[in-house]
Amino acid sequence: MFTRPFIDSLDFARRGGELSGEVPVAELSRMSDILADSEGKISYLLRGLAGSDGKPQLELMLDGVCNLRCQRCLNALSYPIKLVSKLRLVTEGDADSSDIEDDEVDNIPAEKRLDVLALIEEELMLSLPIAPKHGSGECEMAVEGLSRSNNPFAVLAGLKK
Ligand SMILES: [Zn+2]
């Protein structure tokens, strides 16, 4: 049974904490709308560190595969996840964060009880393509794997070609 991990984010970053594990894709409820099924697992490694500006940061690494729905044929599309996110922990004292904003590091509010799974979901959602599609010619192969009569949408997709 999977237990949701929580961390005290500032404390975790300052002491250089490390947390790793695996999340079943089925636990990522926010993503269920964009997934073709709930197969797969995502490995994560969350580390605390000090950023180049000396401020506490989290580094989140995700590695795994999930099945998105191809927006052309509506069949499952195996999508590899390889993601590294750097997240600067912002406290109320850092309210003026506009000048430390950069492209490589996102700001998130420092929380005493940070929901690690929610953070993983958030970063995954941001990284996934809006309209995932199979490569050209690969949709037909995906359709052949299914019984067409059970999947009217796959038939439609086939007719549109
Ligand atoms: Zn497709």
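The values are calculated or read from the model by the stated rules, or taken from the named source; none is laboratory data. Note that the coordinates shown come from a computational prediction; the quantities given were computed from them, not determined experimentally. Glycine also receives a Cβ, built like all others from the backbone with ideal geometry; neighbour counts cover every protein chain displayed. Keep in mind that these areas ignore ligands, DNA and RNA; they rest on the heavy atoms of the full protein, side chains included. Shrake-Rupley method; radii C 1.70, N 1.55, O 1.52, S 1.80 Å.
Remarks
- Projecting the Cα positions of P80, L117, V90 onto the charge dipole of segment 6-134 (unit charges on Cβ atoms of Lys, Arg, Asp and Glu, taken about the Cα centre) puts P80 furthest along the positive direction.
- Among the trypsin sites (Lys or Arg not before Pro) in segment 1-39, those placed in a DSSP loop whose Cβ has at most 14 other Cβ atoms within 10 Å are R15.
- Here segment 6-134 exposes an accessible surface that is 47 percent carbon and sulfur, computed with a 1.4 Å probe and the other protein chains kept in place.
- Where segment 6-134 is the region considered: accessible area per residue in Å², 1.4 Å probe: 54 Å²
- Note on segment 6-134: along the principal axes its Cα atoms extend 49, 29, 20 Å, ordered by decreasing extent.
- Under Karplus coefficients 6.51, -1.76 and 1.60, residue-wise ³J(HN,Hα) of segment 59-73 in Hz, glycine/proline x: 10, 10, 10, 10, 8, x, 9, 9, 9, 7, 9, 5, 7, 9, 10
- In Hz, Karplus ³J(HN,Hα) per residue of segment 117-124 (6.51, -1.76, 1.60; θ = phi - 60°; x = Gly, Pro): 5, 5, 5, 4, 4, 4, 5, 5
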